[in-house]
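Structure record follows, encoded as structure tokens.
The values are calculated or read from the model by the stated rules, or taken from the named source; none is laboratory data. The structure displayed is predicted, hence computed values, not measured ones. For neighbour counting, all protein chains shown are included, and Cβ atoms are generated from backbone atoms with ideal geometry for every residue, glycine included. We work out accessible area using only protein heavy atoms, side chains counted, and drop any ligands, DNA or RNA first. Shrake-Rupley method; radii C 1.70, N 1.55, O 1.52, S 1.80 Å.
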Amino acid sequence: MPVSTPRMDDTFIHNLHQYTLPEIAFHVAKKLLGDDIPDNALQAIIYDAINFRAPVIKLEEHVFVLELWHGPSLAFKDFGARFMSRLMSYFLEKDDKQLDILVATSGDTGGAVALGFLGVPGTRVTILYPKGKVSDIQELQLTTNGQNIRAIEVDGTFDDCQALVKQAFTDTLLSKHFRLSSANSINIARLIPQTFYYFNAYAQLLRQGIDKVVFSVPSGNFGNMGAGLLAWKMGLPVTHFIAATNSNDTVPQFLATGVYQPKPSIATLSNAMDVGNPSNWVRIIDLFKNDIEGLKKFITGYSYNDEKTLEAIKFLYEHYKYVACPHTAIAWRALRDWQQHNYKTDTAGVFLSTAHPCKFPGVYTADIAANITVPEQISELRKKTKQAITLGKDFESFKAYLMEAS
């Protein structure tokens, strides 16, 4: 976390509607990074990394969807992965030692990181994913890249994968042998670019004469929520946040009871949110300076099982002809439930759409599936061959693999 959180000046906030997404990204990144990177280099990184759109689409009065899946991996993780890879590449230009990136994924992170770092000189990426718990397309995105990207299929859950990555960073031998870093949202370089789309969403609302907003965020490891709260701390005038989870409801339970009780993750249709012990929750507590009551007033939590998720997907299609991925459907349902008790005519509700529905073909009924346009890159992906090794969830096996493959 930053030692202190800088605030954007009021003039910038009030005039956000005058800026493009890359311009917003530059100003926000500059405020956080200070003089660590020259302006021309930072602008080059941003214009190369954030070269796709993130539109806010109106579904009905006071209900909007923020689409974050227009990047190359078709998931919101492209913002973080592409920015981070270029940032690391910039700093590696003056150094010959290889940077080893370890990343655990429950679905979309791995694909975005793989594409973000593919072919980046001086880097090698090792992706850990839970066996049988990602969609077929997600698995192909993780395992078909080659070059400097390696994939490990772990016989366990995402929490097991994340635990292996975290333990690697504290292992003395590995730390001496490798220069290790993470591409998970435990790395602040992932959260910084994710603030960009919150500011940009507000800019789009300002153009429609709306200056009050509630964000409903589909949440697993809580990096997306952490980025939104970081944007708020920097001065973005958000009225309220909604934490929308699947059956892995550690945070909604905490918000309801005050008891934080991590538990083993459960496999669901919204697999990228299958996290029982979210890493970024400590960041969120830090942003609120341990003011739990203040946090509970500002964030409302909702959780939904697979049955409720499928009902939400069906409703969105039947009422709006909008096809949502399971994660997006959960965010919409949480927003709807919150608005039923907190409806305000001057406040926009924005739910985040985090992945293209084509990544979850087994979720939809035939009539909905027929209305999903499959992008060209997915068709090409299906022609490729999976390359991955399988390991158990014990750390010694993972450590031995890293040492032997070095």
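Against the definition (free of Cβ contacts under 8 Å to residues at least 60 places away in the same chain, open to solvent by 20 Å² or more (accessible area, probe 1.4 Å) and under 27 Å from ALA244 (Cα atoms)), how does ILE368 come out, yes or no? It is false that ILE368 is free of Cβ contacts under 8 Å to residues at least 60 places away in the same chain, open to solvent by 20 Å² or more (accessible area, probe 1.4 Å) and under 27 Å from ALA244 (Cα atoms).
Candidates are the residues of the range 110-163 that are farther than 24 Å from TYR90 by Cα and aromatic (Phe, Trp, Tyr); the one that is surrounded by the most Cβ atoms within 10 Å (Cβ to Cβ) is PHE158. Checking each residue in the range 375-390 for being open to solvent by less than 80 Å² (accessible area, probe 1.4 Å) and within 23 Å of GLY132 (Cβ to Cβ) picks out ILE378, LEU381, ALA388, ILE389, THR390.
Restricting attention to the range 253-287, the residues that are part of a loop (DSSP other than H, G, I, E, B), farther than 22 Å from GLN138 by Cα and free of Cβ contacts under 8 Å to residues at least 24 places away in the same chain add up to 5.
Looking for whichever is open to solvent by 10 Å² or more (accessible area, probe 1.4 Å) and hydrophobic (A, V, I, L, M, F, W, C) here; the options are PHE52, PHE64. Which one fits? Spell out the reasoning first.
Numbers: PHE64 fails: open to solvent by 10 Å² or more (accessible area, probe 1.4 Å).
Matching residue, one of PHE52, PHE64: PHE52.
Of all residues in the range 206-230, how many are crowded, with 20+ Cβ neighbours inside 10 Å, assigned to a helix (DSSP H, G or I) and either touching a residue at least 40 places away in the same chain (Cβ under 8 Å) or in contact with a Lys or Arg (Cβ under 9 Å, 6 or more places away or on another chain) (or both)? Write out each step before concluding.
To start, the set of residues in the range 206-230 that are crowded, with 20+ Cβ neighbours inside 10 Å comprises 213-230.
Now narrow it down to the ones that are assigned to a helix (DSSP H, G or I): 223-230.
Remaining after also requiring either touching a residue at least 40 places away in the same chain (Cβ under 8 Å) or in contact with a Lys or Arg (Cβ under 9 Å, 6 or more places away or on another chain) (or both): 223-227, 229-230.
The qualifying residues number 7.
Counting only residues that are surrounded by 20 or more Cβ atoms within 10 Å (Cβ to Cβ), within 25 Å of HIS356 (Cα to Cα) and either modelled with pLDDT of 95 or more or in contact with a helix residue (DSSP H, G or I) (Cβ under 6 Å, 6 or more places away or on another chain) (or both), the range 242-272 holds 12 of them.
Any residue at all in the range 305-318 that is closer than 30 Å to SER175 by Cα and surrounded by fewer than 17 Cβ atoms within 10 Å (Cβ to Cβ)? Spell out how you get there, then give the answer.
Residues of the range 305-318 closer than 30 Å to SER175 by Cα: none.
No, there is no match, as no residue in the range 305-318 is closer than 30 Å to SER175 by Cα and surrounded by fewer than 17 Cβ atoms within 10 Å (Cβ to Cβ).
Looking only at residues that are aromatic (Phe, Trp, Tyr) and part of a helix (DSSP H, G or I) in the range 332-356, which one is surrounded by the fewest Cβ atoms within 10 Å (Cβ to Cβ)? Working first, answer last.
Narrowing the range 332-356 to residues aromatic (Phe, Trp, Tyr): 332, 338, 343, 351.
Subset that is part of a helix (DSSP H, G or I): 332, 338.
On the way: TRP332: 26, TRP338: 18.
Residue satisfying both the conditions and the ranking: TRP338.
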